[in-house]
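Let me begin by presenting the structure, written as structure tokens, before commenting on it.
The values are calculated or read from the model by the stated rules, or taken from the named source; none is laboratory data. Model, not experiment: these values are computed from the prediction. Cβ placement follows ideal geometry from the backbone for every residue including glycine, while neighbour counts extend to all protein chains displayed. Just the protein is used for accessible areas: all its heavy atoms, side chains included, with ligands, DNA and RNA removed. Shrake-Rupley method; radii C 1.70, N 1.55, O 1.52, S 1.80 Å.
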Amino acid sequence: MTTHQAPVPQAATEAGPPGGPPGPAARATRRRVTAATAIGNFVEWFDSGAYAVMSATIAGLFFPQYDKSAALMATWAIFAAGFIARPLGAAFFGRYGDRIGRNRMLALSVLCMSGSTFLIGLLPGYSSAGIAAPLLLLLFRSVQGFSTGGEYTGASSFIMEYAPDGRRARYASAVPLTVGVASVAGSLAGLLIIDSLSESALDSWGWRLPFLLAGPLGLIGLYLRSRLEDTPVFRSMERNDTVRKAPLRDALRICRRQVLTLFGYSITNAVGYYLMSSYLISYMSEEVGYSKSDAMLTSVIAMLAYCLACPLMAAASDRWGRKPMLLVACVGFVVTTLPAFWLIGTGLTGAVVGASVLAVLVAVIGTSNVPAMVEMFPGQLRSSGSAMGYTAAYVLFGGTAPFAATGLVSLMGTPLAPGYYLMVLAVISALVVVFALRETVHLPLNRTTVLES
């Protein structure tokens, strides 16, 4: 093993990252850290779930109705714009987190995210604002995606740099867990609003409610984050003068191997999640022939299975290590994906079982992905390196997963086509884990050396 050397205090290397003050004060601090970390993710994914359910209503309000199919496609194109903006956000917030601090970065990201989501809820429709309405929707959705580019990886670094050694994955599991909870809550809230209101009430004000909720949630998140000190790791970097002036450039130059490794195993995480969540409903209703209510029920149960599995799989990751759990997930996708998609076509019970199998595997890979991506980078390059590698995988593969899956079904003429796609990616990720990833579970988070195999 070789190391790219940078100044590192010997005492800090041996002690590992401080976990906060001892006793009850430490536990109280970590509870506040967990709550502050979760709130930003909740706002983003709650909005995504609500947007998906409200897509038909949004299409009718923000675009001319001479071609309803084109209006719906334009609505989803604007949704996709958030993914396009994510790499810019990853570069900006990653660099900001490494230079100015994790906490300030997260405060700015939750402010941008909640503010843009709230403003979507105030937008006029096409009938009153003309072309300005969809353009403003595009602008605010892009700001949402921009802030998300740094939120997920920044939140992961923040919570893990406060977590005690031996329990990092369990604390970090709050990040993927919140994504699942928020997706379910957003979808159910959207459905409740649609079912409870008349069409005229829904069009005039009901569709706005999920987006307006982001305002108070964002203020709560900003309050929680503003009351916390920055992480012990970043404060140590400031004391020892190891903060980099150009962390983004240095991460791409010094940590290129880690960035590519993170990208290589995250592609399966990204595609698995979006097939299990965003694509599942349309797949079951359009490709397999289920009613939309049965498809929604299956999706909600699968997401609940994902949420329940997250803390359990995180505990396993802390016990057995990141590399074994990532490999288990990849092999699991290779072995069970086709049977899971076959089960989805056998009836509602089979669909629930098949979708839940995929959901649990997504929890396995996700709860080891988060701690591994934080641990593999040195403290002074952590936000920049993890944001670039992870976000690239989600933009190139996660955001395009529903589109790719739909195209493959048409091209191959079989509803199992998405399963083949996920299997191929899982094989690639498994090879990356075996040959490029070194175990990170015991690495100190306040190290300033770049470890290379």
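Å³ per residue of the Cα convex hull, for the chain? Mind showing how you got there, number by number?
Numbers: hull volume 61.1 nm³, N = 453.
Taking the convex hull of the Cα positions in the chain, it is 135 Å³ per residue.
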Against the longest principal axis of the chain, how steep is helix 401-412, in degrees 0 to 90 to the nearest 10, with axes from Cα atoms? 60 degrees
Whole-percent carbon and sulfur contribution to the accessible surface of the range 142-272 (1.4 Å, no ligands, DNA or RNA) stands at 60 percent
Between GLU238 and LEU139, what is the label-to-label distance in nm when each label sits 7 Å out along the Cα-to-Cβ direction? 3.5 nm
Expressed in nanometres to one decimal, the distance between label points 7 Å along Cα→Cβ at GLU439 and SER410 is 4.8 nm
How far is the Cα center of the range 328-396 from the Cα center of the range 242-300, in Å? 7 Å
Kindly rank 234-243, 418-427 from highest to lowest mean number of other beta carbons found within 10 Å of each residue. 418-427, 234-243
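How large is the helix-only mean residue ellipticity at 222 nm for the chain, computed as the sum of -39500 (n - 2.57) over DSSP H runs with n ≥ 4, divided by its residue count, in deg cm²/dmol to the nearest 500?
Numbers: 21 runs with 338 residues, N = 453.
After summing the helix terms and dividing by the residues of the chain, the value is -25000 deg cm²/dmol.
Sort 142-152, 429-439, 94-104 for me by packing, meaning the mean count of neighbouring Cβ atoms within 10 Å per residue, highest on top. Before the final figure, lay out the partial values.
Details: 142-152: 26.7, 429-439: 17.8, 94-104: 22.8.
Going from most to least packed, we get 142-152, 94-104, 429-439.
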Highest mean packing first, using Cβ neighbours within 10 angstrom, the peptides 80-93, 169-182 sort as 169-182, 80-93
Distance between the C-alpha centers of the range 102-117 and the range 418-438? Whole Å please. 33 Å
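What length, rounded to one decimal in nm, is gained on full extension from LEU192 through to THR449, with 0.36 nm per residue of separation minus their alpha-carbon distance?
Stretched fully, the LEU192-THR449 segment lengthens by 87.4 nm.
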Which of GLY221, LEU312, LEU260 sits farthest toward the positive end of the charge dipole of the range 209-332, with +1 on the Cβ of Lys and Arg and -1 on the Cβ of Asp and Glu? LEU260
So how strong a dipole does the chain carry about its Cα centre when Lys and Arg Cβ are +1 and Asp and Glu Cβ are -1, to the nearest 20 debye? 1320 debye
What's the angle, to the nearest 10 degrees (0 to 90), between helix 256-274's Cα axis and the longest principal axis of the chain? 30 degrees
For the chain, what's the relative contact order in percent, using C-alpha pairs closer than 8 Å and at least 6 residues apart? 27 percent
Helix 24-53 axis, angle to the chain major axis (alpha carbon atoms, nearest 10°): 30 degrees
Per residue solvent-accessible surface (Å²) - the chain, probe of 1.4 Å: 39 Å²
Once both label points are put 7 Å beyond Cα along the C-beta direction, the ILE131-LEU212 separation in nm becomes 3.0 nm
